[in-house]
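The values are calculated or read from the model by the stated rules, or taken from the named source; none is laboratory data. This one's a predicted model, so the numbers in the text were calculated from it and none came from an experiment. Glycine also receives a Cβ, built like all others from the backbone with ideal geometry; neighbour counts cover every protein chain displayed. For the accessible areas, the whole protein counts, side chains as well, though only heavy atoms, and no ligand, DNA or RNA atoms are used. Shrake-Rupley method; radii C 1.70, N 1.55, O 1.52, S 1.80 Å.
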Amino acid sequence: MSIGGVRPAVEAMPVYRPGKAAEQAEAEHGITDAIKLASNENPYPPVPSVVSAIAQAATGVNRYCDHLAVDLRTAIGELVGFDLDHVAVGCGSVGLLQQLCLAYLDPGDQALYPWRSFEAYPVNVQMMGAESVQVPLVNHEFDLDAVTAAITSKTKIIMLATPNNPTGTALTVDAMRSMMGSVPDDVIVLIDEAYREFLDPGFGNPVELIADHPNVVVSRTFSKAYGLAGVRVGYLVAKPEVVDQVNKVLAPFAVNGLAQAAAMAALDARDEYEPLLQNIRDERARVVASLTEQGWDLPDAQANFVYLATGERTTDLYVEIEKRGVVTRPFAGEGIRVTIGTPEENDRFLRTLADVG
Ligand SMILES: Cc1ncc(COP(=O)(O)O)c(C=O)c1O
């Protein structure tokens, strides 16, 4: 029995489950020294100038911040080659996903996306009382022909995570451009680039599609590459008509002053971040090579994680790995996603997998 008249769509929603913390795994298995490779976080803290900017901004938190983050949006606009009217910020890119769903999905509408993909997609669609239409992956990759074939008159949003979470595979801009030829102009196409900074540059920049396709929306985040998952700030690049609607449904001051200051400082410190990002990309290559040597056949890993297609063995395997102190993200019956950590953490994961695999 529910108290009050909770909306049926919300009552039916699952509770959001974040990746398991190392401390929780330690308590569950009676172990110490666990490491978390479960949430695609950056293993390195933000660079010192970013930490200072957050500390400095902390002295001003008695005041509300700039709700529409004009300075930050201007700085992001300079980065992506647009004016601030083409940029929205949100409480993480998942906040922007929710804003897009609030702005564009009514009960009965459809949102279309390949599956398996980011777990927040079905949740946010369901929250609006809309319907998810999921198009199966083929060999862990998106089948864009199947996606466009699934468009109906009810389709309002298409969601494409590239690189995809959890498989790590990515789409080229050419593939997205050719797909856009089969997408009606009144369907929003969200290109979710939460992991863009880990992607091989040869895949191209989907922001370029916006000029010819006003229904394209590109979202990115400071959570992963800039190590700012805990302060919550993401951004979206789109035509001003879309940005205006998305901004209307931004919860007041959701991108708080600490988050704005951190993101501004991170943009200023991009040169300092580059070696850290290169380290993660190099480690990814090393982990992929080592797993391949162990006999694993991996999908192309373009983000800061690898995906093991463990099928029916998933639950047994992840539990065995976790008992030995390495926390990963399992998808029962499908596979295990493992975040790239520091070299020591990656060694530990590789050793542990070799022991139990
Ligand atoms: C594909 C994808 N998009 C968006 C996000 C959301 O990240 P954030 O809200 O921290 O920006 C994630 C986080 O794991 C993700 O995997």
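Structure notes:
- Label-to-label distance for GLU344 and ASP282 is 1.8 nm, based on points extended 7 Å past Cα in the beta-carbon direction.
- Mean shadow area of region 36-145 over all directions, Cα convex hull, nm²: 10.7
- Placing a pseudo-label 7 Å from each Cα along the Cα-to-Cβ vector at VAL138 and THR74 gives an inter-label distance of 4.8 nm.
- Chymotrypsin sites (Phe, Trp or Tyr not before Pro), loop per DSSP, at most 11 other Cβ atoms within 10 Å - longest free stretch of the chain: 65-357
- Springs between Cα atoms under 10 Å define the GNM used for the chain, and in it the highest mean-square fluctuation of ASP282, ASP212, ASP268 occurs at ASP212.
- Region 204-357, Rg to Rh (Cα coordinates; Rh as Kirkwood inverse mean 1/r): 1.05
- Solvent-accessible area per residue for the chain (1.4 angstrom probe, square angstrom): 44
- Reciprocal mean inverse distance between Cα atoms of region 48-269 - Kirkwood radius, Å: 17.6
- Sites LYS154 and MET127 - FRET efficiency at Förster radius 22 Å, r taken between beta-carbons, to 0.05: 0.80
- Amide H contacts for VAL216 (H built 1.01 Å from N in the peptide plane; partners 5 or more residues away or on another chain; cut-off under 5 Å): VAL189.
- Paramagnetic reach from ARG177 (point 7 Å along Cα→Cβ, amide N under 15 Å) across region 83-125: none
- Between MET13 and GLU241, the modelled label-to-label distance comes to 2.9 nm, taking each label 7 Å out from Cα in the direction of the beta carbon.
- For the chain, the carbon plus sulfur part of the accessible surface works out to 52%, probe radius 1.4 Å.
- For GLU23, solvent-accessible area (1.4 Å; no DNA, RNA or ligand), Å²: 130
- Rounded accessible area of HIS86 (nearest 10 Å², 1.4 Å probe): 30
- Extension gain, ASP33 to VAL61, is 6.5 nm, computed as 0.36 nm per intervening residue step minus the present C-alpha separation.
- Per-residue HN-Hα couplings for region 19-35 [Karplus 6.51, -1.76, 1.60; θ = phi - 60°; Hz; x = Gly/Pro]: x, 5, 6, 4, 4, 5, 5, 4, 5, 5, 9, x, 10, 10, 6, 6, 10
- Lysine pairs within the chain, Cα separation less than 21 Å, 8 or more sequence positions apart or different chains: 8
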